[in-house]
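Colleague: Handing you this structure, nothing more for now.
The values are calculated or read from the model by the stated rules, or taken from the named source; none is laboratory data. Because the structure is a prediction, the values reported are computed rather than measured. Because the Cβ atoms are built from the backbone with ideal geometry, glycine has one as well, and the counts that use them run over all protein chains shown.
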Amino acid sequence: MNERPEPSSEARQRWRLVIRRGDEARDLAHREIEAAWESGLARTNLPVAVTGAARPRPRLVFGAPVPVGVTAERELLDLYLSRRLTITEVREGLLEALPRGHALVELHDVWLGEPSVTGRVIAADYRVELDGPVEPLVDAVAILLAATRLPRPGRKGDAAKAYDLRPLIVSLGVEASPSAGVVMRMRLRHQPEGANGRPDEVLSALGEATGVEIRPRAVVRERLVLAGEA
């Protein structure tokens, strides 16, 4: 791959990238992540398919934005190419394009006709590491799971719009860990066209239940859950 290919909007191959996002990228907003990927892909000779917009952009589709302040272990991105390449060629190109704080974990050749990865995401698994005794958190988790509604403030555009957090919590648990202090695990529902579960809102609700502000040492999105997966 010595010569840079001419941009094309026709996709002939689709690769699913499994990406780790580390501490260096933890505080970047999603728009900054998109810009970093776009800049990185432009430096490579990968035949990246582009959108048909007035300002063509790489056809790189994110499973779901990572919240600011959160690291991630298995993020999903789909990259479309205008020419078929081997997995070795794609991996070599991606290693040149990876933004700061990102690492390539896995790479899969995916059928072009498969539904968008964005539309298939139904939930996300989070791991939250905390200090302090576990008992108050166990009680707070029980209170949240027993609630029928958990009204939370929110916004839609410029307008305030409250929402119910409870149906967005699929599972929630906490345990003491010899190596990490207290570990909370949560599976939060993801709705492409509606509200999404956010770990900071769950922690805020737990803090209200305990009467103490909860400040995590680390929040990690372990994986995205796709429709049809456990």
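Colleague: Quick one: how many residues across segment 48-63 are touching a helix residue (DSSP H, G or I) at 6+ places or on another chain (Cβ under 9 Å) and either modelled with pLDDT of 95 or more or surrounded by fewer than 17 Cβ atoms within 10 Å (Cβ to Cβ) (or both)?
Modeller: Looking only at that region, the number is 6.
Colleague: Check residue 124 against each of (1) touching a Leu at 6+ places or on another chain (Cβ under 6 Å); (2) closer than 30 Å to residue 84 by Cβ and name the one condition it does not meet.
Modeller: All conditions are met except number (2).
Colleague: Could you please find all residues in segment 173-195 being at pLDDT below 90 and either of a type outside the set (Gly, Ala, Ser) or under 29 Å from residue 118 (Cβ atoms) (or both)?
Modeller: Answer for segment 173-195, where residues must be at pLDDT below 90 and either of a type outside the set (Gly, Ala, Ser) or under 29 Å from residue 118 (Cβ atoms) (or both): 178, 191, 192, 193, 194, 195.
Colleague: Any idea which of (1) of a type outside the set (Asp, Glu); (2) in contact (Cβ under 8 Å) with a residue 24 or more places away in the chain; (3) out of contact with any Asp or Glu (no Cβ under 7 Å at 6 or more places or on another chain); (4) surrounded by fewer than 19 Cβ atoms within 10 Å (Cβ to Cβ) is the one residue 161 doesn't satisfy?
Modeller: So residue 161 meets the others, but not (2).
Colleague: Look through segment 105-117, keep the residues that are modelled with pLDDT of 95 or more and not aliphatic (A, V, I, L, M), and return whichever of them is surrounded by the fewest Cβ atoms within 10 Å (Cβ to Cβ).
Modeller: 111
Colleague: I need a count of the residues in segment 196-212 that are at pLDDT 90 or above and among the aliphatic types (A, V, I, L, M).
Modeller: The number of residues fulfilling the criteria is 4.
Residue by residue, here is whether (1) over 23 Å from residue 124 (Cβ atoms); (2) crowded, with 20+ Cβ neighbours inside 10 Å; (3) of a type in the set (A, V, I, L, M); (4) touching a Ser or Thr at 6+ places or on another chain (Cβ under 6 Å) holds:
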position	(1), (2), (3), (4)
17	no, yes, yes, no
38	yes, no, no, no
42	yes, no, yes, no
65	no, no, no, no
72	no, yes, yes, no
77	no, no, yes, no
91	yes, no, no, no
95	yes, no, yes, no
103	no, no, yes, no
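Colleague: If the Cβ limit is 7 Å and pairs must be 6+ apart or interchain, which residue in segment 105-132 that is more than 22 Å from residue 168 (Cβ to Cβ) pairs with which residue that is among the small types (Gly, Ala, Ser) and in a strand (DSSP E or B)?
Modeller: 131/181
Colleague: If you don't mind, another one. Run residue 89 past the list (1) in the same structural domain as residue 34 (by TED's automatic domain parsing); (2) within 24 Å of the chain's Cα centre (by Cα); (3) in contact (Cβ under 8 Å) with a residue 60 or more places away in the chain and report the number of the one that doesn't hold.
Modeller: Status for residue 89: all satisfied but (2).
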